Amino acid sequence: MPLLCMSNSAYTRPCQVSFLTGQKMEGANVTDVSEECPPTLPHWTDSKESLFAAFEPALFRRNSEAVAARLESHLADLSVRGLELSDPGALSRAARALMTTERESIADFDDKRLAAIVDLYLRTGIQVHSPGYMGRQFSGTVPLAGVIDFVGSVVNQPSTYYEAGQLPITAERIMAEELNRFIGWEPGRFAMVTTSGGSLANLTALLAARNRTCPGIWARGEHRGRGRPAIAVGEDVHYSVTRAAGILGIGESRIVRLPVDRRGRIAARRVPAALAAAERRGLEVFCLVASAGTTALGAFDPIDELAGVAAARGIWLHVDGAHGASLLVSDTLRHRLRGIEKADSLTWDAHKLMFVPAPCTMLFYRDARDAPGAFHRSVASYVSDEEPDAHCEFDNGDKNVECTKRPMIMPLWTLWAMYGRALFAEKIEHLCRTANEAYHVLLDDPDFETLHQPEANILCFRYRPQGIDDDRVHRLQLRIRKQVRLAGRFFISKVNIRGVAALRVVLMNHQVTPEHFRMLLAEIRTTGERLLRDDLA
C-alpha cells in the first residue's frame with residue numbers, strides 16, 4: 001500500500017513506497033509534483049528501532065520500578081505539610097526545562113529526567129497523605145486503588161461498550177448490586193452508570209428528570225406543560241446543579257431556592273409553600289434536588305420528608321450524595337440518608353469517601369427505564385449493532401454524555417473484592433469521629449467559634465478573639481487562610497455561608513489526629529495575632 005510522503009512545509013508528490021520495506025517501488029505510475037521525496041522522511045527500517053524503544057516492555061519495567069520507589073518514599077513521609085504553592089511562571093519554566101528537544105532520539109531515554117518530572121509532580125501537589133492536608137474533599141487513595149488505576153492506564157480499556165471493557169463493565173454491574181444493598185431499591189429494577197465526576201452525574205440526572213416531565217423538549221425544543229420548567233434546590237446546593245440549569249436552558253431565574261434551617265438543611269416543612277409560590281409565578285418544578293452532605297457544611301437534607309413532598313406533587317427527587325452517599329456503607333452513620341430508597345436518582349462520588357482515584361462517580365436510578373431517558377436514542381453505526389446480541393445489553397453509551405470514559409470502577413471494585421465493606425466503613429467512621437473530636441476542641445477554646453456540629457467530616461469555624469467586630473472578623477478569616485496556605489504546613493479551605501466567612505476543614509486522612517488539629521489552631525492563632533498587630537502598626 002502506498003505511503004504518502006509530506007514535508008513539513010508543503011505537500012510533495014505522492015511516492016510509491018512499500019510500507020513494510022521503506023523501498024521505492026520500481027515502475028510505479030506516479031504523477032510528478034516535485035522532484036523527489038522529502039529527504040527528511042526516515043525509512044521504516046531506520047526508524048523502527050527508535051519507535052519501538054518507547055514501547056519496550058523492559059523500559060516499562062524500569063520506569064515502573066523507579067516511580068514506585070519514589071511513591072513508596074512519598075507515602076512513608078508522614079510529616080506535617082500542606083502545599084508548596086509555586087509561582088505559575090516559575091513552575092512553567094521548570095516544567096519546560098524538563099522537556100526533550102527534537103534533536104534527541106526516542107531511544108535515548110533519560111532516567112534522570114523522568115525522576116525529576118516525578119519529583120516535581122509530587123512536590124507541587126497537595127499532600128493528600130499528610131496530616132497537614134485538611135482542605136478538600138478528594139482523598140488520599142488506598143495505594144492498591146492507585147495500582148489498579150495504573151493497570152487501567154496501561155491496558156486502556158474504555159468502559160462504555162462491553163467489547164472494549166468487558167471486566168470494567170461487569171465490575172460496574174457488580175458494584176451497583178453491592179451498593180444497592182444499602183440504598184434499598186428493588187433488585188433488577190434499578191440502574192447505575194459511571195460518570196467522570198459528580199457535576200456530570202447531576203447534569204445527567206436533571207436531563208432524565210426534565211425529559212420525563214417535558215418529553216417534547218429534546219426532539220422539538222418545546223414544552224406544553226402547566227408552566228415554565230424549573231428546579232427546586234436548597235440554598236447551599238452544589239454549584240454544578242445551578243450551572244446545569246443554564247446548560248439545560250432552564251435558566252437561573254427558574255431555580256427555586258428553598259429555605260434552610262440553622263444547620264444548613266432544607267427546611268422540609270416550608271417546602272410546600274415555596275413550591276406553591278413558584279407555581280403561582282408560572283413555574284412547573286420538575287425536580288427537587290436534595291443534598292446528602294452539602295459542600296459547605298456537610299449538612300444532610302431530610303430526604304425522607306422531602307420524598308413525601310416530591311411524591312405528593314409528582315416531582316422527581318434527585319439526591320446529590322457526591323460527598324455523603326458513602327456513609328450508607330456504615331451501620332452507625334447510614335441514618336443520615338434515611339429515606340434514600342424513595343429518591344428517583346442518586347449521585348455518589350467514590351473518589352471522595354471511598355478513597356479511590358478521581359474521577360469515579362456513580363449515578364443511580366431507582367427505575368432502570370429512566371437511565372436511557374436522559375438522552376434521545378441515537379444510532380451510531382460505528383458502535384451500535386444493527387442486530388444486538390446478549391453483549392449489547394451491557395453497553396451504556398446510550399445512558400452517558402461520554403462515549404469514551406476511563407474504567408474508573410476498577411479501583412473501587414478491586415478494593416471491595418480484596419477488603420470488603422469493612423475498610424470503607426471503618427475509615428469513614430474514623431474520619432467522622434475525628435471531626436467530632438475537633439469540634440469539641442473548638443468548644444473549649446474561647447478564641448474560636450463553631451458554625452455547626454459536624455454531621456460527617458466537614459467542620460467550619462472562625463478565629464474570633466474578644467474585642468473584634470464582625471466586619472474585621474469576616475476579613476480576618478480570609479487573610480488567615482491565605483497566610484496559612486502560604487506557610488505550607490497546613491492546607492485548609494474557606495467558605496462563605498450566607499454572608500459569614502469561615503475557615504473550613506475536611507478530614508479525609510485517617511492519619512490526622514486531634515493533636516494535629518490543635519497544631520493547626522495554634523498556627524491560626526499565631527497568624528491571626530500577627531495580622532491584628534500589623535493592622536495596628
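Read-outs: derived from the displayed coordinates by stated rules, not from any lab. Since this is a predicted model, take the numbers as computed values, not measurements. Virtual Cβ from ideal backbone geometry, glycine too; neighbours counted across all protein chains shown.
Miscellaneous remarks
- Prolate/oblate/rounded call for region 423-536, Cα gyration tensor, a/c under 1.5 rounded: prolate
- Cβ-based net charge around Ala325, under 11 Å, with every Lys or Arg adding one and every Asp or Glu removing one: +1
- Think of each Lys and Arg Cβ as +1 and each Asp and Glu Cβ as -1; about the Cα centre, that makes the dipole of region 423-536 roughly 520 debye.
- Trypsin sites (Lys or Arg not before Pro) within region 230-335, DSSP loop, no more than 15 other Cβ atoms inside 10 Å: Arg262, Arg263, Arg281
- Shape category assigned to region 53-152 from the gyration tensor of Cα positions, a/c cut at 1.5: oblate
- Overall shape: oblate for region 185-294, with the ratio a/c of the largest to smallest alpha carbon gyration tensor axis at 1.5 or above and b/c at least equal to a/b.
- J(HN,Hα) series, region 403-420, from Karplus relation 6.51 cos²θ - 1.76 cosθ + 1.60, nearest Hz, glycine and proline x: 8, 10, 8, 5, x, 5, 6, 4, x, 5, 4, 5, 4, 5, 5, 7, 10, x
- Local net charge near Phe491, Cβ-Cβ under 9 Å (Lys/Arg +1, Asp/Glu -1): +4
- The mean sequence distance of close C-alpha pairs (under 8 Å, at least 6 residues apart), as a share of the length of region 408-507, puts its relative contact order at 22 percent.
- For region 131-206, the list of GluC sites (Glu not before Pro) that fall in a loop by DSSP and count at most 16 other C-beta atoms within 10 angstrom reads Glu163.
- If you take all other residues with their beta carbon under 11 Å from the beta carbon of Leu521, and give Lys and Arg +1 and Asp and Glu -1, the sum is -3.
- Phi angles across region 144-158 convert, under the Karplus curve 6.51 cos²θ - 1.76 cosθ + 1.60 with θ = phi - 60°, into 3J(HN,Hα) values of 4, 4, x, 5, 5, 5, 4, 4, x, 5, 7, 7, 6, 10, x Hz, Gly and Pro given as x.
- Relative contact order of region 53-152: 41 percent, from C-alpha pairs under 8 Å at least 6 residues apart in sequence.
- Spin-label model distance (nm) - Val155 vs Leu71, 7 Å beyond Cα toward Cβ: 1.6 nm
- Amide hydrogen proximity for Thr361: with H placed 1.01 Å from N in the peptide plane, the residues at 5 or more positions away or on another chain lying under 5 Å are Thr195, Gly197, Ala350.
- Burial order of peptide ranges 369-375, 454-460 (average beta-carbon count within 10 Å, highest first): 454-460, 369-375
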